[in-house]
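See below for the structure under consideration.
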Amino acid sequence: MSKKKNYMAEVQALIDEKFKDNPEGLRIAMEEAERERAKRIQVAKSENYLEKAKKEKELKKQEMKERLELLQEELDSLISKRDNFELDPDDYREMYDDFLNQCGEDVNFGYISFTRSEILKQMDETAYEMGLEDYVDCQEIEYDSTYQEIVEEIEEKESEIEELGAELEEEEEEEDDEE
């Protein structure tokens, strides 16, 4: 610290000696030095700002690329899920029972009444299950609510990918224009 004080004292002594007869020249020289210092600071800030902005753009592009990869993986998973989708017979049991019960009236034994689906289930469970499988096979997969949800998710992911891809392309074009 003492070296700095000595140096500052020497500089002050030189300034005092040089401008002792011309105080106005000292003021002008000090103002000029201050303007030069301010200009150097501004240039340094500007360079730091430009460098920071460039780094931020690179980071944003990298994040967009990573998001695109993640969206593509999610899309691939959904497409696989859609392509391997099968209707679950358990989701159609009630509809199948209603279908069987519409084939005729309930069967009465004395005071007890049985639906046709109950009788088939109790008398021949294998025939009931095979009939349920046939019933499910006749259903159109496109009308299943779970399948429709998967298709909607696929469409949303495709739209997100398209928008993000266009945004990334814009960023890259801007960067090319700047160079």
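How fast does the range 23-179 diffuse by Stokes-Einstein, in µm²/s, taking the Kirkwood radius from C-alpha pairs at 37 °C and 0.692 mPa s? Intermediate results must be reported in sequence, preceding the final value.
Details: Rh = 23.0 Å.
For these conditions, the coefficient is 143 µm²/s.
Determine how many Å³ per residue the convex hull of the Cα atoms of the range 95-147 encloses.
89 Å³
Please state the charge dipole magnitude for the range 40-179, taken about the Cα centre, from unit charges on C-beta atoms (+1 on K and R, -1 on D and E), reported in debye and rounded to the nearest 20. Could you put the intermediate results ahead of the total?
Details: 16 positive and 51 negative charges, 146 e Å.
Approximately 700 debye in magnitude.
About the Cα centre of the range 127-171, how large is the charge dipole given +1 on each Lys and Arg Cβ and -1 on each Asp and Glu Cβ? Please answer in debye to the nearest 20. Could the numbers behind the result be given before it?
Working: 1 positive and 20 negative charges, 77 e Å.
Rounded to the nearest 20 debye, it is 360 debye.
Taking the range 21-119, which GluC sites (Glu not before Pro) meet the DSSP loop condition and have no more than 12 other C-beta atoms within 10 Å?
Working: sites: Glu24, Glu31, Glu32, Glu34, Glu36, Glu47, Glu51, Glu56, Glu58, Glu63, Glu66, Glu69, Glu73, Glu74, Glu86, Glu94, Glu105, Glu118; in loops: Glu86, Glu105.
Answer by residue number: Glu86, Glu105.
The numbers here are math on the coordinates, done by the rules we state, and not lab data. Note that the structure is a prediction, hence the values are computed from the model and not measured. Reconstructed Cβ throughout: ideal geometry from the backbone, glycine too, with neighbour counts over all protein chains shown.
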